[in-house]
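The values are calculated or read from the model by the stated rules, or taken from the named source; none is laboratory data. Computed from a predicted structure; not experimentally measured. Note: ideal-geometry Cβ built from the backbone for every residue, glycine included; neighbour counts use all protein chains shown.
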Amino acid sequence: MNRPIREIVGERVLLLRRRVKLSQPELAQQAGMSVTTLNRVENAHQSLYMEKIVALATALGTTADYLLGLSDTPSKPRALVRTYEDEPTGKNSHQDAEATLPPQPQHRRPRQAATVG
């Protein structure tokens, strides 16, 4: 029988919070939510928007996939972990970030003349 996602998320948040030795107020503050909301999530009484799932995963050092039960690996692969030092800095930082992306294909449709009739 499939368990509701709320139960899976709550169980895994509680497990990881205890593993990293954070109190509910500490984790709630790091994830940008109230202690009441975190308590309700851990007890499977409340669902979360995806932004809060990501915030919890980041604060707990795991992935959203793990919290949602899509993966059984609680830690992030080292190659995918980004740190503050990885962030581009400076006036044109958005250009620096775009420069590291692979070129995107150009999809253009030929223009057709409008029919007059």
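Key figures for this structure:
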read-out	value
Scope segment 10-33; condition farther than 13 Å from Ala55 by Cα and not charged (D, E, K, R); matching residues	Gly10, Leu14, Leu15, Leu16, Val20, Leu22, Ser23, Gln24, Pro25
Single unsatisfied condition, Ala44 versus (1) on the phi > 0 side of the Ramachandran plot; (2) at pLDDT below 95	(2)
Search result, residues across segment 11-34 that are part of a helix (DSSP H, G or I) and over 16 Å from the mean Cα position of the chain (by Cα)	Glu11, Leu14, Leu15, Arg17, Arg18, Arg19, Gln24, Pro25, Glu26, Gln29
Top-ranked residue in segment 40-68 [being part of a loop (DSSP other than H, G, I, E, B) and of a type in the set (Ser, Thr, Tyr); ranked as nearest to the chain's Cα centre (by Cα)]	Thr63
Single residue of Pro25, Pro74 found to be modelled with pLDDT of 95 or more and not aromatic (Phe, Trp, Tyr)	Pro25
Yes/no for Thr37 being without any contact (Cβ under 8 Å) to a residue 60 or more places away in the chain, under 17 Å from Ser75 (Cα atoms) and assigned to a helix (DSSP H, G or I)	no
Residues satisfying the stated conditions in segment 40-64, i.e. without any contact (Cβ under 8 Å) to a residue 24 or more places away in the chain and either small (Gly, Ala, Ser) or in contact with a Lys or Arg (Cβ under 8 Å, 6 or more places away or on another chain) (or both)	Ala57, Thr63, Ala64
